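Input: a single structure, listed below in structure tokens.
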Amino acid sequence: MHIYKLSGRNVDVTDAMRDYVEQKLTRLDRYSDSITDARVTLTVRDVRDSTRRNRVEVQLNVPHGIIRAEEHHADMYAAIDKASDVLERQLRKFKTRYMKARHDRAPQPIPGPAESDVNAGMDDVGEFQPEIVRRKRFDLRPMSAEDAVAQMEALGHDFYVFSNMKSGLTGVVYRRKDGHYGLIEPSN
């Protein structure tokens, strides 16, 4: 991997940290030689729970999607190790699914979460006032619906917004409760 951006929040990124991150990212090249670039953010949070004090966020851009990991640990180097391990597993999984999807051109059904998990912690529904607590911005990349499903699974999300390469319109793929996938597209 030749292009990466390393930044720190509430921490000065030392040469030793930079070298360690570069060593871990270079190791990932053996799983995918098509990683175009990476963004790594090291954050030190001022919290009382020291086990979640350091956070490492890594985003790898690959030609047909994004591979992302976020890990926490009391030791920054241990958090980097954990993030590297997660990225390694995701890259192997993404590459396998991408190659299979290109070969078969059919998504693999994956069972969704159990219904008991969905309703957990909703005892006091009458008093709950939902609000937007986080906003994200991202680039819409042109891809097929099958590639969007593979990307969604690689990220571990339940839905994925993408630009349909055939129609040029924005679409959403999502995991249904029956384990299959759904596609939402505008009618225009």
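Every number in this text was worked out from the coordinates using simple rules, so none of it is lab data. From a predicted model like this one, the values you see are computed outputs, not experimental measurements. Backbone-built Cβ (ideal geometry, glycine too); neighbour counts: all protein chains shown.
Structure data summary
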read-out: Total formal charge among the other residues, if their Cβ is under 9 angstrom from that of L60, Lys/Arg +1 and Asp/Glu -1; value: +1
read-out: Virtual spin-label span in nm between R18 and D158, 7 Å along Cα→Cβ; value: 4.2 nm
read-out: Whole-number D in µm² s⁻¹ for segment 138-188, Kirkwood Cα-pair radius fed into Stokes-Einstein, 20 °C, 1.002 mPa s; value: 196 µm²/s
